[in-house]
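Below is one structure; the comments refer to it alone.
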Amino acid sequence: MKNLVVLGSTGSIGTQTLDVVREHPDLFHVSVLVANRSDELLEKQIEEFQPQLAVLSDEEAYSRLRQRYSGKTELAGGRQAVIEAAAYPEAQVVVTSLMGFAGLEPTLAALEAGKDIALANKETLVVAGELVMAKAKELGRAILPVDSEHCALFQCLQGQDRKAVEKLILTASGGPFRGRKAEELTNVSKKDVLAHPTWNMGQKITVDSASLVNKGLEVIEARWLYDVSYDQIQVVVHPQSIVHSMVQYQDGTVMAQLGCTDMRLPIQYALTYPDRVASHFPRVDFYELGKLTFEKPDMETFRGLKLAFEAGRTGGTMPCIMNGANEVAVEAFLKGQAGFLDIYRLIEKAMEAGQVEYKPDLEQLLAADKWARDYTRKQLAQI
């Protein structure tokens, strides 16, 4: 039985991870649950899964839970407690599904403690791919991708000669605005942006999907996970979201992974790898499926993808700057403080003004992230 730490247990990936645990109580035990501020949902999860430790990053939420909870699970609160929880001694696997840059330090702590990582927090590799992958290699730890696209690539690469890979093909749904031009996106609402056509996800990643920033972050993540150049990564819009990604080999063969739009499938694969374990999750019905279509992404309208390629090719702290600016911009959009297209403008301004450090250590990455957020907040005041 594997003992798990679930970072971000009350979010979309976290709750679906717990669905997988419910499906296989003989395979998994939840040792640690970690959430940000959803103390009421975390309390329900504690009652069901009886972990040894539960942590809330938000101090006020932790205080609320501590005042009313009287069970056996140890409680802790604060940012440092989250980092320490990722290194929980009895756990073998850490599911990292904290949102954004906040996942980096816990992931590094888990690696240092000898844990394997089920990685759902793509920003960890976006901002610190070189650092994290080097650490995993040095310590002999596995980083197993949970993102549907990267899990698909991982499966298509199994048993193959990596030197024979010609390119990785990441699929994108195109989001709710596929086919529209920039002038049609000037006044789109929060409701419009959050109406994703195929996936049910958290708000931040849904906005990123609409802007194609999410796909750009996945491009950078793929570069580090699979040690390929940016010229070997192609993005293809696939509105049906059935083909999750593909690998093209040097002989012309293309291997694809298909499945329903259910994140529990890649989560289970990451947690049970190298085994394939039976599940009751949905199957693709090819008789009902109809057609599968593919098209080129519009990187002029949806500039998030183009900006990510630029940031990745620049390297150093530039992806960190891009990510920090995007996180602030998306938060502002969700709060009604910025328009949808302002997200691109804010990212561009930060990338133009940022000073790039190459081969950054953790302290330099933390500094770059802070600079990008502070700079973008100042730019917001001018909108």
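The listed residues are Met322, Met299, and the only one of them that is closer than 27 Å to Phe154 by Cα and either assigned to a helix (DSSP H, G or I) or more than 24 Å from the chain's Cα centre (by Cα) (or both) turns out to be Met322. The range 1-59 holds strands (runs of 3 or more DSSP E) entirely within its bounds, and those carrying 1 or more residues that are closer than 24 Å to Thr261 by Cβ map to 2-7, 28-35.
Please enumerate the residues belonging to the range 39-59 that are in contact with a Gly (Cβ under 9 Å, 6 or more places away or on another chain) and within 18 Å of Gln80 (Cα to Cα). Val55, Leu56, Ser57, Asp58, Glu59 - these are the residues of the range 39-59 that are in contact with a Gly (Cβ under 9 Å, 6 or more places away or on another chain) and within 18 Å of Gln80 (Cα to Cα). Of the helices (runs of 4 or more DSSP H) lying entirely inside the range 99-188, those containing at least 3 residues that are among the charged types (D, E, K, R) and over 18 Å from the mean Cα position of the chain (by Cα) are 123-139. Restricting the range 232-275 to residues that are part of a loop (DSSP other than H, G, I, E, B) and closer than 20 Å to Val94 by Cβ, the residue that is farthest from the chain's Cα centre (by Cα) is Asp275. Only one of the listed residues (Ala368, Ala325, Ala350, Ala381) is among the small types (Gly, Ala, Ser), outside the structural domain of Lys181 (by TED's automatic domain parsing) and either in contact with a strand residue (DSSP E or B) (Cβ under 7 Å, 6 or more places away or on another chain) or surrounded by fewer than 22 Cβ atoms within 10 Å (Cβ to Cβ) (or both). That residue is Ala381. Pairs only if they're at least six apart or on different chains, beta carbon under 8 angstrom, first in the range 192-214 and among the acidic types (Asp, Glu), second not in a loop (DSSP other than H, G, I, E, B); list them, first residue then second. So the pair list comes out as Asp208/Asn214; Asp208/Leu217; Asp208/Gly304; Asp208/Asn326; Asp208/Val330.
Annotation: of all residues in the range 118-142 being among the β-branched types (Val, Ile, Thr) and buried (at least 24 other Cβ atoms within 10 Å of the Cβ), the one that is nearest to Ser229 (Cα to Cα) is Val126.
Could you please give the count of residues in the range 34-72 that are within 19 Å of Pro89 (Cβ to Cβ) and in contact (Cβ under 8 Å) with a residue 40 or more places away in the chain? Number of matching residues: 1. Of all residues in the range 290-297, none are surrounded by fewer than 13 Cβ atoms within 10 Å (Cβ to Cβ), out of contact with any Lys or Arg (no Cβ under 6 Å at 6 or more places or on another chain), closer than 22 Å to Asn323 by Cα and in contact (Cβ under 8 Å) with a residue 24 or more places away in the chain.
The values are calculated or read from the model by the stated rules, or taken from the named source; none is laboratory data. Every value quoted in this text rests on a predicted model; they were computed, and no experiment measured them. As a convention, Cβ positions derive from the backbone with ideal geometry for all residues, glycine included, and neighbour counts pool all protein chains shown.
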